[in-house]
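Everything below concerns the one structure shown next.
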DNA sequence: TTGAAAGCGCTAACAC
DNA sequence: GTGTTAGCGCTTTCAA
């Protein structure tokens, strides 16, 4: 790979001049500019991004931490961040953390090593203290899908508790009182918020949600299938299922159908997120809309802005809480 | 952000020694190592990845070019690459190109600027010549989902034509002869291969596929819906739909159902890819399996290997063609 | 309008 | 074992 020196030699100018040309600086005569451009083309030269970053002390790269690219929810998030970043001419570096504390930390560290000043982090598992710490060290550190009061001006979040509350309230209104809740690994932040919301709706309605009606399972269709299998095997009685997300819901529907229980006639099911799948599965899924695309865009813009201002937070706006909304389709019937 | 010099000062050693410690080089006494480590912790120091890359002349980063992260197909691909890269301690840099020639080229260029020596590229639209050119310049350049003879030892591909052929052969065997084909933008590589396969199956069966039975639409559910709407509006008669991918198929099913045509009783539908959606939509979709996860893993390993060998291709293996297989579910009936 | 020179943060010879 | 030095490819003063 050729360097700026090679180009300068071929064009018969100094490296500085070549630098001026590739950076569109003015103060270069049209003639030399032309010569340089030709040399660049001839040598197929691309300025080394690392060298540039090193001297400029900035990369214009936004780092993204999330757990699982292949999950449609995160895929939408990634896409939205990317589109937004492009608008601001920023590059995107994605680092995945999975549901493991050490990995999540590493993901952030590797982004730090890349000297990303802007970061959008979807932490599922790190402690609040550690995240607050990061926020204080990294100017453009933004948390998405999570709320921590101490750094609320850097949190873009959905009110998950409200979402859980909505699901439960709706299903109770529909006349179901034997409800099965499919949650996920209890250390996962949003899962616990949603569960809290569900429980508070039960309490408010003076109903009881027995502990054995809560099953913790993996957040994918297989998880949904397994959970239903298990509930049925344990003889748990239920006429409704509240799933952690749409993928789990869809797996639950599949297993219920397989066992001769039709949805929504025998069992009602509610998902969460409203990903593509929810609209096209059968029956179309009643679910809670998670406006992740809008939120990701906001998070990206905030991260970029903060990193420019060296972390100085704007005075006017200081909270970014989004509201979940029930999308009623066909997977719920009167109980 | 602190530098190696700051650390060396605080620890009372030379920068070289610090470098030795962070690189786990031997020849450092336990005592100094301890001092240095303490200083590192105290200053919260992370070695600057760009500076490192610059002097080492290598980044251990694999670049990925693809069009659309939010498509589940690509999401699986990204995930598989990531998992594989991690095994080899390589970082992943994703650059998206969309279905636009200039953007695709830019995506590759920006990866070049980052000095990625290994690259997995899913090109939808660049010309063969240009791709061959890149392959000659970039040691670890690997093409995924595309076959170009001149660089076949760097191509990981599915036999799309065979896949198209299989779909069509199966639907013809099932007794359908009024078939609607939902393809996508005709410049897209795999779409054209699949279409060619479909056509050759028709020819071989001495059947005719009229030109107005081929509709070009966007590769997502909305595209499927629109295409069906259009076909119906134009009074085209069909009892079977061959879709470009599962997302299109699922959209088609939704629109057909909406119009009072049930699947598979009135119309049979076949998808392509076998993404998660295919198994959980209604009815479960008969589709063509695209083993993208395995292929992505292979591509990653190949790219990494080639980049280590400076592009020298191993002698033993020299072709990576994968076979599509029909997965029979419930969206096809006898015609 | 152009060039020389210093330096970004790190590693790798080569001394000692 | 440890330090000194040069240099990776680029940008940016400062001079000319």
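Which FRET efficiency value, to the nearest 0.05, is calculated for residue A:230 and residue B:5 with the Förster distance at 56 angstrom and r the Cβ-Cβ distance? Using R0 = 56 Å, I get an efficiency of 0.45.
With its label point defined 7 Å out from Cα along the Cα-to-Cβ axis, residue B:51 lies at 1.8 nm from the matching points of the other copies, in increasing order. For chain A, the longest principal axis of the C-alpha atoms and the axis of helix A:101-113 are separated by about 20°. With both labels modelled 7 Å from their Cα along Cα-to-Cβ, the residue A:159 to residue B:16 distance reads 6.3 nm. GNM remark for chain B: springs join alpha carbons under 10 Å apart, and the peak mean-square fluctuation among B:34, B:102, B:173 falls on B:34.
Work out the FRET efficiency for residue B:309 and residue A:200 from their Cβ-Cβ distance, taking R0 = 45 Å, and round it to the nearest 0.05.
Working: r = 60 Å, r/R0 = 1.34.
It comes to 0.15.
Axis of helix A:30-43 versus longest Cα principal axis of chain A: the two differ by about 60°, to the nearest ten degrees.
Between B:106, B:297, B:57, the Gaussian network model of chain B with springs among Cα atoms under 10 angstrom shows the greatest mean-square fluctuation at B:57.
Summary for residue B:30: label point 7 Å along Cα→Cβ; distances to the equivalent points in the other copies, ascending, 7.3 nm.
Can you list the copy-to-copy distances for residue A:153, using a point 7 angstrom from Cα toward Cβ, in nanometres, shortest first? So the distances to the same position in the other copies read 5.9 nm.
Specify whether the C-alpha gyration tensor of the protein assembly as shown places it in the rounded, prolate or oblate class, a ≥ b ≥ c being the square roots of the eigenvalues: rounded for a/c under 1.5, otherwise prolate if a/b is larger than b/c and oblate if not. Taking the square roots of the gyration eigenvalues as a ≥ b ≥ c, the protein assembly as shown is oblate.
Among residues of chain B, the one whose Cβ lies closest to the rotation axis carrying chain B onto chain A, together with that distance rounded to whole Å, is B:282, 1. With Cα atoms defining each centre, region B:30-106 and region A:87-165 are spaced 18 Å apart in the structure. Just checking the listed ones, B:154, B:20, B:52: in the Gaussian network model of chain B with Cα springs under 10 Å, the one fluctuating most is B:20.
On the beta carbon distance between residue A:211 and residue A:266, with R0 = 35 Å, the FRET formula returns roughly 0.90.
So how tilted is helix A:292-308 from the main axis of chain A? Cα-based, degrees 0 to 90, rounded to 10. Value to nearest ten degrees: 40. By DSSP, the beta bridges lying fully in chain A are antiparallel in about 10 percent of cases.
For chain B, what is the mean residue ellipticity at 222 nm derived from helices alone (per DSSP H run of n ≥ 4: -39500 (n - 2.57); sum divided by total residues; nearest 500 deg cm²/dmol)?
Details: 13 runs with 155 residues, N = 335.
The per-residue figure over chain B is -14500 deg cm²/dmol.
Taking the DSSP beta bridges in the protein assembly as shown as the whole, what percent of them are antiparallel, to the nearest 5?
Values: 7 of 70 bridges.
Once the DSSP bridges in the protein assembly as shown are tallied, antiparallel ones form about 10 percent.
We did not get these values from a lab; they are worked out from the coordinates using the rules stated. These numbers were taken from a predicted model, which means no experiment stands behind them. All Cβ positions, even for glycine, are placed from backbone atoms using ideal geometry, and neighbour counts span all protein chains on display.
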